[in-house]
Amino acid sequence: EKGGYDYFMLKEIAEQPKAVADTLLGRIDGSGSLTLDEVRIPPRVLREIDKVVIVACGTAFHAGMIAKYAIEHWTRLPCEVELASEFRYRDPILDAQTLVIAISQSGETMDTLMALRHAREQGSKVLAICNTNGSTIPRESDAVLYTHAGPEVAVASTKAFLTQLVACYLVALYLGQVRGTKWGDEIRAVIRDLSSISGAVERVLGTMEPVRELARTLASKKTVLFLGRHVGYPVALEGALKLKELAYMHAEGFAAGELKHGPIALIEEDLPVVVVVPSPRGRSVLHDKIVSNIQEIRARGARTIVIAEEGDEAVVPYADHLVRIPATPTLLQPFVATVPLQVFACELATARGNEVDQPRNLAKSVTVE
Ligand code: M6R
């Protein structure tokens, strides 16, 4: 049932192009427009919304952090992202004008379930983004948009994450469409880009051998740091989470702009630092700033592992290891930038003799608070 792969995780990483395509399937009509009738919250209600709050845990939380950029950019609605486990304990400000989005692969995560129950008690509408048909979270929500990743068996979430991004982006576009902040042509353009992402993920998967080789050389390291900016920041957090849970290594993700506010003190000779570089075409100011960061950490001895778009030549002089990803619009870069980090963590876990599909102390679905 592992389909010839050594681990479910490897199989699920490889299934990502299909999972992404399947999650778009049936949600785009012949003219390239969005059809999300399955979101059964009436457009009238969605037009009244004045705030979006995303609740989730772990990898799903990282998907939510990325979604915030798309939601705010496309809908101009304020969007908060909160760890589900923290949410209800701080007495959050919620009312009927708040749309709460609960993201969960399993649909059984107790922290997320308790957060959405709390939101509904305050009169908010809850939309679940979930991968498991008929599970508790969608059953208790006002509406659900299912991700079509297929069953995810490995404890470390991979394909579910990419499909959560697709679903979040569809919701963001739908909100924009209903509320009139996004028009037909703009929506169709984003959908075209989203439709080509599955192919881009496939291309990344075909170039992962050097990443595996690199991972094997780092098996005895104690710490790996991850840096990113904008949507690359949650990608860095996700890369660090994967490494923690699979390789049992100390791994931390930072917003690259924070380096000078503290973390740069951690940089020492030969410390591996993975940097997710924004597109030079999209957010060029951020691109230039992160290139300076790479220079700074390399000057202090870090071993730089740079994930950058094809054609980005500015990073070449400062990269000890360069991982190329296809050029994408800024908001879509997480789809291609996350894949090398998944492969990296999986290979490091294997090199360290760890159980890839069943990391120690972890369960696939966390049904206690
Ligand atoms: O099933 P859920 O998406 O609600 O699970 C949330 C987290 O427990 C989950 O993403 C966890 O962080 C993964 N093991 C990460 O790989």
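A few comments on the model shown:
- Look at segment 68-96: where a residue is more than 23 Å from Ala167 (Cβ to Cβ) and of a type in the set (Lys, Arg) and a partner is assigned to a helix (DSSP H, G or I) and modelled with pLDDT of 95 or more, sitting 6+ places away or on another chain with Cβ atoms under 6 Å, you get Arg88/Ala115; Arg88/His118.
- Counted as qualifying within segment 50-110 are the strands (runs of 3 or more DSSP E) with 2 or more residues that are open to solvent by less than 10 Å² (accessible area, probe 1.4 Å) and within 16 Å of the ligand (Cβ to nearest atom), namely 51-56, 98-104.
- In segment 118-147, the residue that is surrounded by the most Cβ atoms within 10 Å (Cβ to Cβ) out of those that are charged (D, E, K, R) and under 17 Å from Val171 (Cα atoms) is Lys125.
- Where Gly150 falls short, out of the listed (1) open to solvent by 10 Å² or more (accessible area, probe 1.4 Å); (2) of a type outside the set (D, E, K, R); (3) under 27 Å from Phe335 (Cα atoms); (4) more than 20 Å from the chain's Cα centre (by Cα): (4)
- Taking the criterion of being within 13 Å of the ligand (Cβ to nearest atom) and part of a helix (DSSP H, G or I), the residues of segment 117-138 that qualify are Thr136, Ile137, Pro138.
- The residues in segment 352-369 that are open to solvent by less than 60 Å² (accessible area, probe 1.4 Å) and of a type in the set (S, T, N, Q) can be counted, and the count is 2.
- Residue match in segment 159-182 (condition: modelled with pLDDT under 95 and over 16 Å from Ala70 (Cβ atoms)): yes
- Any pair with Cβ under 8 angstrom, 6 or more apart, that starts in segment 298-317 at a residue that is under 21 Å from Pro263 (Cβ atoms) and ends at one that is among the polar types (S, T, N, Q) and crowded, with 19+ Cβ neighbours inside 10 Å: Arg298/Thr304
- Selection over segment 9-37 of residues that are on the phi > 0 side of the Ramachandran plot and open to solvent by less than 10 Å² (accessible area, probe 1.4 Å) gives a count of 0.
- Single match in Asp29, Asp50 (criterion: among the charged types (D, E, K, R) and modelled with pLDDT under 90): Asp29
- In segment 139-169, the residues that are within 12 Å of the ligand (Cβ to nearest atom) and among the charged types (D, E, K, R): Glu152, Lys159
- If you check Gly257, Gly282 for being within 20 Å of the chain's Cα centre (by Cα) and assigned to a loop (DSSP other than H, G, I, E, B), only one passes: Gly282.
- Those residues of segment 46-66 which are free of Cβ contacts under 8 Å to residues at least 60 places away in the same chain and within 14 Å of Leu175 (Cα to Cα), in sequence order: Glu48, Asp50, Lys51
- Candidate set: segment 1-22, residues that are in contact with a helix residue (DSSP H, G or I) (Cβ under 6 Å, 6 or more places away or on another chain) and among the small types (Gly, Ala, Ser); chosen: the one nearest to Ala149 (Cα to Cα): Ala19
- Unmet criterion (only one of (1) closer than 16 Å to Gly228 by Cα; (2) open to solvent by 10 Å² or more (accessible area, probe 1.4 Å); (3) not in a helix (DSSP H, G or I)) for Ala308: (2)
- Odd one out for Val171, checked against (1) in contact with a Cys (Cβ under 7 Å, 6 or more places away or on another chain); (2) open to solvent by less than 40 Å² (accessible area, probe 1.4 Å): (1)
- Residue count for segment 214-248 satisfying the condition of being open to solvent by 10 Å² or more (accessible area, probe 1.4 Å) and either touching a Gly at 6+ places or on another chain (Cβ under 9 Å) or in contact (Cβ under 8 Å) with a residue 12 or more places away in the chain (or both): 13.
The values are calculated or read from the model by the stated rules, or taken from the named source; none is laboratory data. A quick note: this is a predicted structure, and the numbers were derived from the prediction, not measured. Please note: Cβ atoms are built from the backbone with ideal geometry, for glycine as well, and neighbour counts cover all protein chains shown. To get the accessible areas, we keep the full protein, side chains included, count just its heavy atoms, and leave off ligands, DNA and RNA. Shrake-Rupley method; radii C 1.70, N 1.55, O 1.52, S 1.80 Å.
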